[in-house]
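Everything on this sheet refers to the single structure shown next.
The values are calculated or read from the model by the stated rules, or taken from the named source; none is laboratory data. Remember, it's a predicted structure, so these values are computed and weren't measured experimentally. Because the Cβ atoms are built from the backbone with ideal geometry, glycine has one as well, and the counts that use them run over all protein chains shown. What goes into the accessible areas is simple: the full protein's heavy atoms, side chains included, and nothing from ligands, DNA or RNA. Shrake-Rupley method; radii C 1.70, N 1.55, O 1.52, S 1.80 Å.
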Amino acid sequence: MRFVVAAVVGAAVLAGCAPVQSGGTAPTAGDEQTGQLRVWLFDEVNRGPKEAVVKEAITEFQQAHQGVTVDVQYIQVQTRAERFKAAFSDPKSAPDVAEFGNTDLAGYVAGGGFAELDLGQWADSKDLLPAVVDTGKVDGKVYGVPWYVGVRALYYRTDIFQELNLQPPATLDEIAPLARKIRAAKPDLLGISAGGKYTYGAMPFVWANGGDIAKKDGDKYVSAIDSAESKAGLRQYTELIADDICPPAQCAANGGDASVEAFRAGKAAMVVGGDFNRKSVDASTAAGKYAVVPLPGKKAGEIAPAFAGGNLLGVMKGSERKTLANQFVQLLGGKVYQRKMFDAMGNMPTFGDVQDEVAKANPVLEPFIKTLNAGTRFVPVTPNWAKVDAQAVLPNLLQKIAAAGEDVDTAAKAAADEMNAAFAS
């Protein structure tokens, strides 16, 4: 997969200054061209920069569409399931446009929440990264424009490594011994901050070992988390949650945020963190004392597959202003405003040319770009994934091994049974 293509940003900026186009979508009966366009976006810990960019887009949109106002509500990520479920059942209270996580897509589409999008005549769409576009598809149809993509790599403390005369790990097998050596030399540090609930930190170990969450079998998924390859990856990851690396008492209950926070606080020598964590690390005690490399694979020179995270922008199926909604998605999700969102929030763009531009201006992005180039993985694209997610099957699996001391074979079999029950329901 090729993720970085030649930059044509000058043309993109010029295109962004032109009147907003509809992408070839003609208004239909009941498709209102004036009035209020309602938009839901996710709230952030530091919402100010995001809100400033969105306000700029609203101003441009309203100037190009007389008689149209755009009302944005910022909703909590933690309560999104309830908010969207209510919106799907009551279109009158629903937004026209919404931001949502790519792992939620299949369930939302099955619930009749989002309209299929035609990106064919949208000029920007030709430069969307193909593998990232796939995270906005269900059964080959596009329902979401990728607004940003998130991948994880290995952060490490350069000062600690230099002091101890260490090199970053070249393979996954090297991580545990390296982390033990660091903790032995510096008992006040975690060798690596590895959370027992950090699913997307653990899954690259599973994928790199040839395992997977699930496999497609006909028109359904069947769990593969209890395969020999998957269990090898689970063992390799949960080995890190031990007293001589990352004690269970401190680490077993941690998810991704808490894992990264330990690194930010200067309490860990390594952590698997996202490109989206970079700005917060730069504002921490680790600032100026860290570097990032791709998480290595099983062999030297390989990169472990990362989870292709990120958020999408979509048009609600019940919208009475579908043309306006599509136009707003194409503006806010287009090249110009994705670049502005990168500058404001550090969000990785989903267009190859824009990504190339920001990478040239920000060499620190190189390990994340390399990780994208190496190929990413995703959760099973099925509405039933929402059930697996809601039951916290994968975090519970890691917890059973890391905190409760259950053997990998038993814990993986129980997780597989739970998944298969959800997939079959």
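Helix 199-208 versus the longest principal axis of the chain: what is the Cα-based angle in degrees, 0 to 90, to the nearest 10?
Helix 199-208 sits roughly 70 degrees off the main axis of the chain.
Output the Cα-based Rg and Dmax of region 31-137 in Å, rounding Rg to one decimal and Dmax to a whole number.
15.0, 38
Can you pull out the GluC sites (Glu not before Pro) in region 321-425 that DSSP calls coil and that have at most 16 other Cβ atoms within 10 Å? Don't skip to the answer; put the middle values down first.
On the way: sites: Glu357, Glu406, Glu418; in loops: Glu406.
Within region 321-425, the qualifying GluC sites (Glu not before Pro) (loop, at most 16 other Cβ atoms within 10 Å) are Glu406.
So how exposed is Thr171, as accessible area in Å² (1.4 Å probe, rounded to 10)?
20
Convert each backbone phi in region 310-317 into a coupling constant with the Karplus relation 6.51 cos²θ - 1.76 cosθ + 1.60 (shift: θ = phi - 60°), then list the ³J(HN,Hα) values in order as whole Hz, x for Gly and Pro.
Per-residue couplings from phi come out as x, 10, 10, 10, x, 10, 5, 4 Hz.
Tell me the carbon and sulfur percent of the accessible area for the chain, rounded to whole percent, probe radius 1.4 Å.
Whole-percent figure for carbon plus sulfur exposure: 51.
Longest exposed-loop-site-free stretch of the chain, with trypsin sites (Lys or Arg not before Pro), DSSP loop and at most 16 other Cβ within 10 Å?
48-266
Find the all-direction average of the projected area of the Cα convex hull for the chain, expressing the result in square nanometres with one decimal place. Mind dumping the intermediate values first?
Working: hull surface 79.9 nm².
Directional mean of the projected Cα hull area for the chain stands at 20.0 nm².
Skipping prolines and chain starts, which residues have an amide H placed within reach, meaning under 5 Å, of the one on Met348, given they are 5 or more residues away or on another chain?
Here the answer is Val149, since their amide H atoms fall under 5 Å of that of Met348.
If the cut-off is a Cα-Cα distance under 19 Å, which lysines reach Lys215, setting aside same-chain residues fewer than 8 apart in sequence?
In chain and number order, the partners are Lys137, Lys231, Lys387, Lys413.
Only four residue types carry charge here, +1 at the Cβ of Lys and Arg and -1 at the Cβ of Asp and Glu. Report the dipole size of region 176-322 about the Cα centre in Debye, rounded to the nearest 20.
260
Calculate, in nm to one decimal, what Lys181 and Gln167 gain on full extension: separation in residues at 0.36 nm each, minus their alpha carbon distance.
On the way: separation 14, 0.36 × 14 = 5.04 nm, distance 1.19 nm.
Length gained between Lys181 and Gln167: 3.8 nm.
So what's the angle, to the nearest 10 degrees on a 0 to 90 scale, between helix 228-238 and the longest Cα principal axis of the chain?
80
In deg cm²/dmol, rounded to 500, what helix-only [θ] at 222 nm does the chain give when every DSSP H run of at least 4 residues adds -39500 (n - 2.57) and the total is split over its residues?
Working: 19 runs with 176 residues, N = 425.
Result for the chain: -12000 deg cm²/dmol, rounded to the nearest 500.
Given all pairs of different Cα atoms, what value in angstroms does the Kirkwood hydrodynamic radius of region 80-232 take?
19.5
Give the aspartates and glutamates reachable from Lys181 as a straight Cα distance under 12 Å; neighbours fewer than 8 places away on the same chain don't count.
Those aspartates and glutamates meeting the cut-off are Asp244.
Could you tell me the distance between the Cα centroids of region 223-293 and region 347-404, to the nearest Å?
Going from one Cα centre to the other spans 14 Å.
Please list, in order along region 383-393, the HN-Hα scalar couplings obtained from phi with the Karplus expression 6.51 cos²θ - 1.76 cosθ + 1.60 (θ = phi - 60°), rounded to whole Hz, x for Gly and Pro.
Those phi angles translate into x, 6, 4, 4, 5, 4, 5, 5, 7, 6, 4 Hz.
What residues qualify as long-range amide H neighbours of Gly35, i.e. H under 5 Å apart, gap of 5 or more or another chain, H built at 1.01 Å from N?
Val68, Thr69
Compute the helix-to-body angle for 335-345: its Cα long axis versus the longest principal axis of the chain, expressed 0 to 90° and rounded to tens.
50
Short version: ³J(HN,Hα) in whole Hz for each residue of region 100-114, in order, from phi by Karplus 6.51 cos²θ - 1.76 cosθ + 1.60 (θ = phi - 60°), x for Gly and Pro, what are they?
7, x, 5, 6, 8, 4, 4, x, 5, 5, 4, x, x, x, 10
Where does region 317-400 land on Rg/Rh, using Cα atoms and the Kirkwood Rh?
1.10
Stretch Ala287-Gln36 to full length: gain in nm at 0.36 nm per residue minus the Cα-Cα span?
Working: separation 251, 0.36 × 251 = 90.36 nm, distance 4.37 nm.
Taking 0.36 nm per residue and subtracting the Cα distance, the gain is 86.0 nm.
How big is region 285-331 by the Kirkwood estimate over distinct Cα pairs, in Å?
So the Kirkwood estimate lands at 15.3 Å.
What does the charge add up to near Ala414, with Lys and Arg as +1, Asp and Glu as -1, over the other residues with Cβ less than 12 Å from its Cβ?
Value of the local net charge: -4.
What's the extension gain from Arg377 to Lys413 if we count 0.36 nm per residue and subtract their Cα-Cα distance?
Numbers: separation 36, 0.36 × 36 = 12.96 nm, distance 2.22 nm.
My answer for the length gained is 10.7 nm.
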